[in-house]
Amino acid sequence: MSQLSSEDEAELQSLLKQLLRSINDRISGAPSTECAEEILLHLEETDKNFHNYEFVKYLRQYVETSLGTVVEEETKNLTRGDGQHAIGSGHDTLIHAVTRRTRDSSEYQQMMQTLKNTMIMVVESLINKFEEDQMRKEEMHREKQHSQSNSQYTDNCSDSDSSFNQSYAFIRQEQLQALAEKLDSSRPKEVRWEALQALCCAPPSDVLSCESWSSLRRNLCAALTDPDLSDNVLQFFAKSFSSSPLNVTREIYTSLAKSVESSFLSHKLSFPTGSAPVDINRPEISRLLKQIRLMNDFQKEVTTFWIRHPEKYMEEVIESTFSLLSFHHEHGSASSGSEKSLEPIHLLALLDIKATWFKKWMHGYYSRTVVLRLLERKYKSLIIAALQQCVHYSESCERLTNETTDPGSAEQQNSGSAQRSVYTGKELEYALFVHSLCVLGKVLIYTNGRKLFPIKVKKRKDPVSLTDLVVILINILYQHPKPPHGDPSHTDSLSPSGLAMEVLWMLCERTECATECLYQTPVIETLLAPVLALLSGQQAKLKSPAATLTLIADVLARVANTDRGLALFLYEKNVVGAHGERTFAAHVIVQFALRLLEKELSSQSESDASHALCGAFIFVCRQIYNTCEGLQVLRPYGLHKAVAAAWKKTSSLSERVPTPVPGATAVTSTQELQSMLIWEETLLDSLLNFAATPKGLLLLQQTGAINECVSYMFSRFTKKLQVSRCEKFGYGVMVTQVAATAPGAVALHSSGFVRAVVVELWSVLECGSEDVRVVRPKPTPMEPIDRSCLKSFLSLVNLLSSSQSVWELLGRQPLANKSEYTLREMPTSIPDLIDRLIAVNSDAKINSLFHYEQSHTFGLRLLSVLCCNLDSFLLLESQFNISSMLLQSQRENVTEPDASEGEFIIDSLSVERNHVLVRVSVVGGPSERKLPPRALQEGEDPYPWPMFSSHPLPHCYTLDPSKIHQNSQDSEISAFLASSKDSKNEESWMEMCRRQYCKVMTSKPNSLTGKVLADLLEKVVAHLSNSATECFFSPAQYKAEEKTAKSAALSSVEQLGISTCFRYGSYLKLLKEDAANELTLLMKHVKIFLSTQRVKTSSQLITQQDGYPGHDWLASTVFLIMAGDVDRSLSLLLNLSSLLTSAFIWPARIHASVHVPLEVAVSGIPPVYWCTAHYVEMLLKAEVPLVHSAFRMSGFTPSQMCLHWLTQCFWNYLDWTEICHYVSTCVLMGPDYQVYTCVAVFKHLQPDILQRTQTQELQVFLKEEPIRGFEVSNYLEFMEGLERSYRNIVLTDMKTISKPRRVTSKRFHFPSPRPTFLPLRAATHRTCVFTSCFPSLSSYPADGTDHGRERRHLNAIRGKMIQFVTTLFVRTVCLH
């Protein structure tokens, strides 16, 4: 095959052209000609489609035709067995030999020469055709340029398409040098245009790396000013930006920036300030707009890769940008009043109105540092100009408040089109304002950005501070002007109110920003100015009152959601009232919310708008009252009653809305019903959030809406909805808070929550996952409670933590104990769960469980936690005989069941049962009993603890009790009591007694036991009950008749409690053998006495029907202190009943008592919960914040543990000595010491609490573990410090137990500061909270000296006088 025909040449040319088009992307991306050659040479290795190209197929066929015969002949010659050239049979060796011989043949040489000649002709033909195409295109382009010299602006200036559009060419250095010369500004325009065309077709990498690049760049920048050449230059720049590294593109960018800067300087463009149009299609503006558009595209993309280059490159780009944007601010000449100079930032604002480029530059620390440094040192004028623009816009809004048009609302021509070419001067100014505000908002959120303030601006005497800027934004928000364009899609994103809110939201989200910018008096004053005006009966200067006030409420809610913001509302007088007096922001907010609920404000017009506004301000109040300290401030206003009344009214109205019928009013009726339902849910949600605190839960119960609120909570809980936009956690804490009380437990049960928890547990525990294909088998659980069941286990622990809830959910309900259970039968209640998982006492129950051992272990673990609460255990024991059931199971779990003696089988169930039996059978603190572990040990004896199946228990589970001093003649307390019998000054004797008590507690706490403690308590209680100032309740009128008492009946729970107390007293060697009868007699006396002081109620709560639910642990404690003396015990209890302390340390005494308001007595919520536990949570947040946070994260509450500890008088948690010290401290030092003791306990447990929170064991740890190492004497000084800081708050509120405060807020007024409204002080800065109201008291000593205590006593007397006068004054104001 000597030569190819002309047809073959034409086909080869077509195939080659097709190949080049197929690999267009690979060649066009090559940085140089050499790289392109390498790509072509290695195409077979890198392109998987190589053998599918038609050009390759053609070559393969041509080689086959030319060399096929040669290959066959050489193969035959080499495979002959007898030839001299024969070789081995190796396949690879044969291929190499044939290939070598073929390449040496004459046919191969002829083929290669033919191919070479043919390809040369084909390539030359392609090149000639390429040049012809180029000349034809240039001619057509010239004609197009002449015919369309006034073409409109099109958005293609940042086109980054490949330079290999239709063809591709490489360029040499000599050609680039020639092009640089042709681009010189002295050359004719046609020559420069041709050079630009050639340059655009060349690879940018070759151009940017050539030796003549510097002169080429200068000429290109010069060509930018030529209207006919500008687009070609921008096209080349765009391709360079997309394919070159930063070290090259930064030169192009800086050159482009300087060129734009010089263009603005030379043209001196301007625009009219009024509504006259500005056409951006004017050639000089259109050209500059394209150039800035290209710069803006580069600004937004460069952040993705400039971190890979030296910082100086990035700094050059940033500095050239800032230089361009600030040039006219520094050197521009003043324009006339009717026109303003058009600056680069105006066009940039049109292209990127929300400053996306600046936000990207500020996002990363690498670039943000440089930006802020340059702004501070060289280009602060940019920030000044942005701030000036915001100030100017705010002032223009104020000037035009009374006009019918908004600033910037001009002609709306072409507003609906995709592109606009005409803008008014006002629209340009507005675009610049939006851009400036976005820049300032990004600067404010960083510390170094805020350091740029204060800033001096024109026409303002004082520099603008951070606070001033926020006030300016709020004023812009108040005017609420509409956006200056007609596109409804931009109404929110570009409206002034929306932009201002975005900045305010950003500030609220960052603590430091909010502290410096928002948490300032001028800001709060500005935010509440319209509210104050409306409360005073004036007209608020707002364009859209309802919408603007709703936005204000949103900001206020975000501020109140933080600790610092809440303190600002509660404790700082940062608002000027109607009569010029300063008051607290919280009072203003709650009074405004009440007025909105009562619909007394003239601003309320439309129903939907008024509901939205009212809901927004209730939401602000909700951020306040869902905290303990916030509720203290808002409680007197009765907000819960107002919300409940509104809910009841709305609920009744929604029921009366007629059913939609076909007709004209159907849509209206449906919309009205939908609106009412939304408003009803809003009110329910607001009521529900009162349950976030113990005292708030009492208020919610008193509204009568607790069942509806809990049902609403359950509906949201099942949907896994967030509590609110400001709440970080779910409903776990609220559920736990509700479950701690009897009415809350009933509401949870009626809502379906309890059923849902039980069903979910059973599904996880017994049913397992769905029948899906097992790809990866689940590991066998090693823990007694699998991780999949842990959530359900903790939910049950939270639900049943309180004995009140256990009584409501289990009381008077027997177990099913069926003879047969089907496998599909699921428990749906707590009794069902106990029947199936705990009381597994029959083969039917065992056979009904798929996972008997795991499920029964789960039940025993739950039982162990339940029995930690002594009252819960007594109920379970009295109803279900739990102990006997467990002992029977142990008896059956032996090696030889039929034999009289057999060894216990040690397995997980027997170990768990043994642990529970010891826990319920032995009473004592951490050093008084020993609970067996649940885990086996390594070694020969894996479980050395003896098991038992009958009483009494082995002695190894009880430890030797500490010696109790019954006769301490040398005791300082005994000496004091003996020497002060005839003291006449009651007050001074009590002060001396307290000083002596504190002294002994600090030096010899172990001496305060036995007879000494009994004598002390007896004397102190008798003294206080005879004091007119200390006797809080009416003295006990009870005549102890033994005959009547013996005839009284005790419940089974009370009898079991007596048995438990007798065992503990016998272990402590405090009681004689016949003391059980004496304790029974005392309990009957106390029961008769307390029954005469209880209200008669028709409540459906089980805990309210038959006296006090549970055992009287305080009476039992007093009996043990008195060493079993019934007369002394009864006398002390009767005297104690007249003291305020009894309402808190003696739960049975205050249960449904006539001494508290009827609504509190029948609520079923004890004061130890809604008062003591409430203040424990409040003080924990201030004094031990880490513990408070740990509880929030775990979904558990400190109030539940306080209720648990205090109800059973710390039995099983503290040793007997510490229990005595707890009782004596509360009696001698005051009832508020109950709160301080709990706070001290949590402080003591802080390391363990933090550790257990991480492992999700907090609830079980606090329930099952005793309080190790805690001694009241060690924390007495800490508690005295709490007394100095908080007594005026805590004790004052405790005294309102019999007559709660009521404050009406019908008229607009600001109450005088009260102790409950004053701030909590941290432990390191403890001062009397009364100091801010009464400075003269701050000079009194706060130490433990005699002089200091006497002065504090005078302080307390003066405080009572002041409180009386203040209360009298407030009531007088309310009456008038």
Segment 219-265 - percent of accessible surface contributed by carbon and sulfur, probe 1.4 Å:
50 percent
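How large a share of the accessible area of segment 1088-1176, in percent, is made up of carbon and sulfur atoms when the probe is 1.4 Å and the other protein chains stay in place?
Numbers: 1170 of 2310 Å².
Ligands and nucleic acids excluded, carbon and sulfur reach 51 percent.
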Residue-span extension gain [MET112 to SER22] - 0.36 nm each, minus C-alpha spacing:
29.9 nm
Order 1005-1017, 1108-1120 from most to least packed using the mean count of other Cβ atoms within 10 Å.
1108-1120, 1005-1017
Gyration tensor (alpha-carbon) shape descriptor, segment 989-1125, a/c threshold 1.5:
oblate
Considering only Cα-Cα distances, which of the following residue pairs are longer than 18 Å: LYS720/LYS791; LYS268/LYS456; LYS300/LYS360; LYS380/LYS458; LYS1181/LYS1243?
LYS268/LYS456
Simple SL model, points at 7 angstrom along Cα→Cβ for HIS579 and SER763; separation in nm is 6.1 nm
If you count only protein heavy atoms with a 1.4 Å probe, what accessible area per residue comes out for segment 887-946, rounded to a whole Å²?
52 Å²
Cβ neighbours within 10 Å, averaged per peptide: list 696-703, 459-466, 1269-1276, 470-477 in order, most packed at the top.
696-703, 470-477, 1269-1276, 459-466
1.4 Å probe accessible area per residue over segment 1001-1139, in Å²
44 Å²
Determine the gain in length on full extension of the stretch SER6-ASP960; use 0.36 nm per residue of separation and subtract their C-alpha separation, reporting nm with one decimal.
331.7 nm
Restricting to lysines and to Cα separations under 16 Å from LYS818, and discarding same-chain partners fewer than 8 apart, the set is LYS845
My understanding is that a pair violates if its Cα-Cα distance is over 20 Å; which of LYS17/LYS116; LYS963/LYS1069; LYS459/LYS541; LYS57/LYS129 do that in this structure?
LYS459/LYS541; LYS57/LYS129
Mean accessible area per residue over segment 1177-1273 (1.4 angstrom probe, all protein chains present, square angstrom) is 24 Å²
Could you name the lysines whose alpha carbon sits less than 21 Å from that of LYS1087, not counting residues in the same chain fewer than 8 places away?
LYS1039, LYS1043, LYS1046, LYS1096
Can you compute the modelled spin-label distance between GLU132 and GLU34, with each label point 7 Å from Cα toward Cβ, in nm?
3.6 nm
Portion, in percent, of the accessible area of segment 808-858 that falls on carbon or sulfur, probe 1.4 Å
48 percent
Fully extended contour minus Cα-Cα distance, from GLU572 to ALA1049, at 0.36 nm per residue
166.0 nm
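The values are calculated or read from the model by the stated rules, or taken from the named source; none is laboratory data. Everything numeric here is computed off the predicted structure, so don't read it as measured data. With ideal geometry, Cβ positions are generated from the backbone for all residues, glycine too; neighbour counts draw on all protein chains shown. Just so you know, the surface numbers come from the protein's heavy atoms only, side chains and all, with ligands and any DNA or RNA stripped out. Shrake-Rupley method; radii C 1.70, N 1.55, O 1.52, S 1.80 Å.
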